[in-house]
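Below is one structure, written out as structure tokens, with a few remarks after it.
Every read-out reported here was derived from the displayed coordinates using simple, explicitly stated rules and does not represent laboratory data. The structure presented is a predicted model; accordingly, all values stated were derived computationally and were not measured. Quick reminder, even Gly has a Cβ in these numbers, built from the backbone with ideal geometry, and neighbours come from all protein chains shown.
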Amino acid sequence: MKVISSIRTVQNILISLRNKRKTIGLVPTMGAFHEGHLALMRTAKQECDFVVVSLFVNPLQFGPSEDFNRYPRDLARDRTLAKSTGVDLLWTPDAHDIVPPDLATSVDVARVTDRWEGAVRPGHFRGVATIVAKLFQIIKPDIAYFGQKDYQQTVVIRQLIRDLHFDLKMRVMPTVRETDGLAMSSRNQFLSPEGRAAATVLYRALQHAQQLVKKGERHCHYLQKEVESLIKKEPVAKIDYVAFCHPETLEPVDQILGKTVLLMAVKIGSVRLIDNVIVGR
Ligand code: AMP
């Protein structure tokens, strides 16, 4: 596995691969790899001839009061893990190449960013969309891989791909969970032992909703109250939002009439966790 920072060097490698008709997979990440990341890499390796993993802690997607400086960074560990999945190139661009001080262009995806993470974290999706557009532009992958864990992000990126005519396929892989159901996340390491135990409440709440819907419950107001009261039983849990939404527009729905996404963001102490599940069909 090659580890390269230079944009130009990476592009030259990719040009020669494309000339040989090799397919290129891209897995955008911010590092601190866990099984969720590794699952994306393994799938990419199965489906593409050459897999690029970008590792870039994107300063633009963090708000002023968020954890950019605290974000976990361990290149030696990430390198070993990426290599173990068969990734061909770990691309670690320098911040000043991707976000130079005179950067004047940004990408704003409207509507699907209005609510949920977009409302709680102003500017977050502008930061994500701007950098993902740059990664697509630089790597020009045939397939790009994302996790369902960040559901709203997948909706935003799908819109970005369509609106800017990026000629690539997007693959969304299922959320990888710990054995007790907690969605893997680099932020889980900030949980205290008590917080770690309490954090399973997100998955328990998602499952509860899924079971109620399976039994025939269709009223989102009732479902939401059920989910919220389950979460509130954990004293350290503070709900940011719990919402049943249309899977593509992310607008809230009143009834489960078809495929619906249940989105939630819950603070466990100072650690903010998000999770989601698809209910209905
Ligand atoms: P991040 O490094 O947090 O920006 O995540 C990089 C990619 O991994 C994103 O597409 C995430 O949605 C995805 N990802 C993060 N956690 C998980 C998980 N538990 N299961 C599946 N994919 C994940």
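Quick look at the numbers
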item: Sparse-neighbourhood loop sites, trypsin sites (Lys or Arg not before Pro) in the range 152-224 - DSSP loop, at most 15 other Cβ within 10 angstrom; result: Lys215, Arg218
item: Folded to 0 to 90 degrees: helix 35-47 orientation relative to the chain principal axis, Cα; result: 50 degrees
item: Expected 222 nm ellipticity per residue - DSSP helices of 4 or more, -39500 (n - 2.57), all of the chain, to 500; result: -11500 deg cm²/dmol
item: Surface/4 of the Cα convex hull for the range 158-281, nm²; result: 8.7 nm²
item: Sparse-neighbour loop sites [trypsin sites (Lys or Arg not before Pro); the range 58-88; at most 14 other C-beta within 10 Å; DSSP]; result: Arg70, Arg73
item: Mean separation of Cα contacts under 8 Å, 6 or more apart, over the residue count of the chain: relative contact order %; result: 16 percent
item: Zero-based 5 Å bins, Cα pair distances in the range 90-247, whole percents; result: 1, 7, 14, 16, 18, 16, 12, 9, 5, 2, 0, 0
item: Sparsely packed GluC sites (Glu not before Pro) within the range 29-101, loop by DSSP, other Cβ within 10 Å at most 14; result: Glu66
item: Helix axis angle, 201-214 relative to the chain longest principal axis, alpha carbon, degrees; result: 70 degrees
item: Nearest 10 degrees, 0 to 90: helix 151-163 Cα axis against the chain principal axis; result: 50 degrees
item: Three-way shape call for the chain based on the alpha-carbon gyration tensor, with the a/c threshold at 1.5; result: prolate
item: Listed pairs Lys83/Lys267; Lys215/Lys267; Lys83/Lys140 exceeding 27 Å between Cα atoms; result: Lys83/Lys267; Lys215/Lys267
item: Long-range HN-HN contacts of Val51 with modeled amide H, under 5 Å; result: Gly25, Asp88, Leu89
item: FRET efficiency for Asp74 and Asp94, using Cβ-Cβ distance with R0 set to 22 Å, rounded to 0.05; result: 0.80
item: The range 81-114 residues near the modelled Thr9 label - backbone nitrogen below 14 Å, point 7 Å along Cα→Cβ; result: 89-94
